[in-house]
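To keep things clear, I will list the structure first and then write my remarks on it.
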């Protein structure tokens, strides 16, 4: 459990620790947060923070923090993080190490061991616009064809894609967001 929490904390720091909102001049103030932000209970009422802690008042409310970001109505934390990055609304750190180098890789990996589900087309570009390759390779994924026994059980246990997804990235319950490519019909015979 301690290893799991350490990985989640590191990934959270990588993805959001260095995140900065765009300058105030570029964002329009919202009169009322979108409906999806209202799903976040107030700090102290969500069961995470101690409501009697006087330091709670210095934390930013989820509605305030997330209300300036493009929404994603499909679930998770209701933020379209890729769109936020492309709009310049956030500026995440490249990696845990300050000298991490970015290398945007415009390549898809097609995962075909998906039983009767559609195949998974993994988009490297959307991931490498965020993070340096060393965040995932070789610790989480071996950069080798068929080198990773990825399956839903391992993902739900917090391995492979599950290191981030369901924690700091969209949840794995949105099946067709990943299972996004039809199988070759000849394979199903």
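Taken together, the values in this text are just the output of simple stated rules run on the coordinates, not laboratory data. Values in this document were obtained by computation on a predicted structure and should not be read as measured data. Here the Cβ positions follow ideal geometry from the backbone for every residue, glycine too, while neighbour counts run over all protein chains shown.
Could you list 58, 79 in order of exposure, starting from the residue whose Cβ has the fewest other Cβ atoms within 10 Å? Working shown, then result.
Values: 58 6, 79 20.
Ordered by Cβ neighbours within 10 Å, fewest first: 58, 79.
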Legend entry - Estimated FRET transfer efficiency (residue 186, residue 101; beta-carbon r; R0 41 Å; 0.05): 0.45
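How would 78, 153 line up from fewest to most surrounding beta-carbon atoms within 10 angstrom?
Working: 78 20, 153 9.
Least crowded to most crowded, the residues run 153, 78.
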Inset, instruction - Set the Förster radius R0 to 30 Å, insert the Cβ-Cβ distance between residue 112 and residue 134 as r into 1/(1 + (r/R0)^6), and round the FRET efficiency to 0.05. - result: 0.65
Inset, instruction - Using R₀ = 45 Å, calculate the FRET efficiency as 1/(1 + (r/R₀)^6) where r is the Cβ-Cβ separation of residue 142 and residue 174; round to 0.05. - result: 0.95
